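A short worksheet on the structure shown next.
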Ligand SMILES: *Cc1c(COP(=O)(O)O)cnc(C)c1O
Ligand code: SF4
């Protein structure tokens, strides 16, 4: 069947097949994949139609191969949860899981086994989170994540932000979201109004491929930047999607053109059934080194690894400095080494 134009969100295999995103010959195995990991693609993303976008959302039979090192909770969200819904791993900041729902279900998601469950954070759970934050003033930043916090209505999100702001202990709230890119029409004027407040709200947009940056997505980012919302991005390094210097260069350039500062490039996490997306650390470092040589500094993200088991995120290079006897050797962006003596 020839795929027709996509006009609504795709939430099951029939819809994906009709849109030409999956192969009917693989249907039986894909049913198995879809029963293990939820399926959803927005109309905006399905309409893009490029492989770099399709591969992020279309279920793949390779997801049935689970490797021994792959884990249910690869970054240890649950290991550091003082109250349900909150992950507090670093002294000054904590993650609040405002909902488990997303607009899209990414095939490589590190929370793929918990996202998509019905319901948002309950009122009583949110009160317990507020109590914890009141008793823990060292937390100066709350990071709303999920799921995707921007699936919440402007009213509900505004209510949560009002309560967080009223604590008086926070200096910033951060929102991790894919909505401005995958469902830009959800960035309404009402939503923008609740983000534009005395307590600064920073938005970190998850985006992985330049083709995701549609005109509508650019419009959503513009509505946010015009309201004074600082915009950062995070990107997951993915084989078959963006693990090429040229693709990432285009992505980071389109981001700065849209007033978004590339923040993190994540080495892919060891989530179940995601081995086909993973690159090696050496490949990631080589890509970063190449970008350093050809891309403006304001478009350079930090390449990070979330250490499996919940031990935190750390930059993973490449390194430009090594000690040798009484001096340093520094590598320049072209790979040449230079002598540097620190006093
Ligand atoms: C990623 C993460 C953060 C945020 O880390 P930054 O380096 O500040 O972006 C905070 N808490 C937890 C538990 C995290 O996994
Ligand atoms: S939007 Fe984020 S939380 Fe939701 S499936 Fe994608 S990566 Fe996971």
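If R0 equals 25 Å, the separation of the Cβ atoms of residue 302 and residue 125 corresponds to a calculated FRET efficiency of about 0.20.
As a rough guide to protection, the peptides 185-191, 206-212, 45-51 ranked by mean Cβ packing within 10 Å, highest first, stand as 206-212, 45-51, 185-191.
With a Förster radius of 51 Å applied to the C-beta separation of residue 117 and residue 337, the computed FRET efficiency comes to 0.50. For the pair residue 294 and residue 311 in one chain, pulling the backbone fully straight at 0.36 nm per residue adds 2.9 nm over the alpha carbon distance. For region 86-317, DSSP calls about 20 percent of its internal beta bridges antiparallel. Annotation: peptides 308-318, 193-203, ranked by per-residue average of other Cβ atoms within 10 Å with the highest first, follow the order 193-203, 308-318. In this calculation the C-beta distance from residue 92 to residue 198 is compared with R0 = 22 Å, giving a FRET efficiency of 0.65.
Ranked by the mean number of other Cβ atoms within 10 Å of their residues, highest first, the peptides 104-115, 56-67 fall in the order 104-115, 56-67.
FYI, it's all coordinate maths here, none of it is from the lab. Keep in mind that what you see is a predicted model, and the values were worked out from it rather than measured. So basically every Cβ, Gly included, is an ideal-geometry build from the backbone, and we count neighbours across all protein chains shown.
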